[in-house]
Amino acid sequence: MKGMFITFEGPDGSGKTTQMELLARHLELKGFKVLCTREPGGTPLAEAIRRLLLSPWPEQVLGITEVFLYAAGRAQHVREKLLPALEAGRIVLSDRFVDSSVAYQGFGRGLDPGLVGRINELATGGLTPRLTLLLDLPPEEGLRRRRAAERKDGPDRFEEEDLDFHRRVREGYLELARREPGRIKIINAAASRDEVFRQVREAVEPLLEGP
Ligand code: TYD
């Protein structure tokens, strides 16, 4: 595969989306062809699944149901969008990928993280990011930022989760980073926007030089 796949992970309010856009512009200025995308979503069908996932329901949405819905959208996203872009030699930046499922449905909701990983292995056909930027932030700070931003579309299901859930998600991410230090780089997202972007560039730069 000629391109390079980089993902952004971390809690809501960590600034992932902003940093991804900054990195895309930075790479484009260097002459790279970049594709930005996100999960859940990224194709029309996967965006429809995203709307299902983020809507409120009059029944409890089971963790295992979530795993399959996220994985179904991901299967479509990988084959319809990510692989073709990588084949075309692009740098693909995704706002969330498999690590979100392992952190949220696995560590957060208490499903076996190994099982979540295996289901996603099927969904992605084994596609793994070359680099994952984990924007790490204490959950209290993430929730505070989200509230301050007062999103016009109101809170989604996940923002109503309690603080303990977000603590488990954070610990899950950090555990994944300990297991795969070569792929997952921890970024201190509590710093200023410019300082966070400096850390992001520092993690990406070595990959642009070598073959
Ligand atoms: P989104 O608005 O994309 O996230 P953000 O708040 O970071 O902008 O909402 C996606 C939500 O879905 C987010 O709370 C994390 C969650 N999620 C999972 O639980 N599992 C997954 O596999 C993915 C991709 C997201």
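Output the residues belonging to region 86-118 that are in contact with a Ser or Thr (Cβ under 8 Å, 6 or more places away or on another chain) and part of a helix (DSSP H, G or I).
Of the residues in region 86-118, the ones in contact with a Ser or Thr (Cβ under 8 Å, 6 or more places away or on another chain) are 92-99, 116.
Of everything in region 86-118, those that are in contact with a Ser or Thr (Cβ under 8 Å, 6 or more places away or on another chain) and part of a helix (DSSP H, G or I) turn out to be 98, 99, 116.
The residue pairs whose first member lies in region 7-29 and is under 11 Å from residue 133 (Cα atoms) and in contact (Cβ under 8 Å) with a residue 40 or more places away in the chain, whose second member is within 9 Å of the ligand (Cβ to nearest atom) and part of a loop (DSSP other than H, G, I, E, B), and whose beta carbons are closer than 8 Å, counting only pairs six or more residues apart or on different chains, are 7/96; 7/97; 8/96; 9/96; 9/97; 16/10; 16/96. Residues in region 32-43: is at least one in a helix (DSSP H, G or I) and either within 9 Å of the ligand (Cβ to nearest atom) or open to solvent by 30 Å² or more (accessible area, probe 1.4 Å) (or both)? For region 32-43, residues in a helix (DSSP H, G or I) and either within 9 Å of the ligand (Cβ to nearest atom) or open to solvent by 30 Å² or more (accessible area, probe 1.4 Å) (or both): absent. Apart from one condition, residue 170 fits all of (1) within 12 Å of residue 10 (Cα to Cα); (2) at pLDDT 95 or above; (3) open to solvent by less than 60 Å² (accessible area, probe 1.4 Å); the exception is (3). Scanning region 52-67 for residues that are within 11 Å of the ligand (Cβ to nearest atom) and of a type outside the set (Gly, Ala, Ser) turns up 53, 54, 61, 66, 67. Filter region 4-29 down to the residues that are within 15 Å of the ligand (Cβ to nearest atom) and of a type in the set (Gly, Ala, Ser), then identify the one that is nearest to residue 177 (Cα to Cα). Only one residue tops the list, namely 10.
The values are calculated or read from the model by the stated rules, or taken from the named source; none is laboratory data. It should be emphasised that the depicted structure is a prediction, and the values quoted were computed from it without experimental measurement. Positions of Cβ are backbone-derived with ideal geometry, glycine not excepted, and every protein chain shown enters the neighbour counts. Note: areas computed on protein heavy atoms with side chains; ligands, DNA, RNA excluded. Shrake-Rupley method; radii C 1.70, N 1.55, O 1.52, S 1.80 Å.
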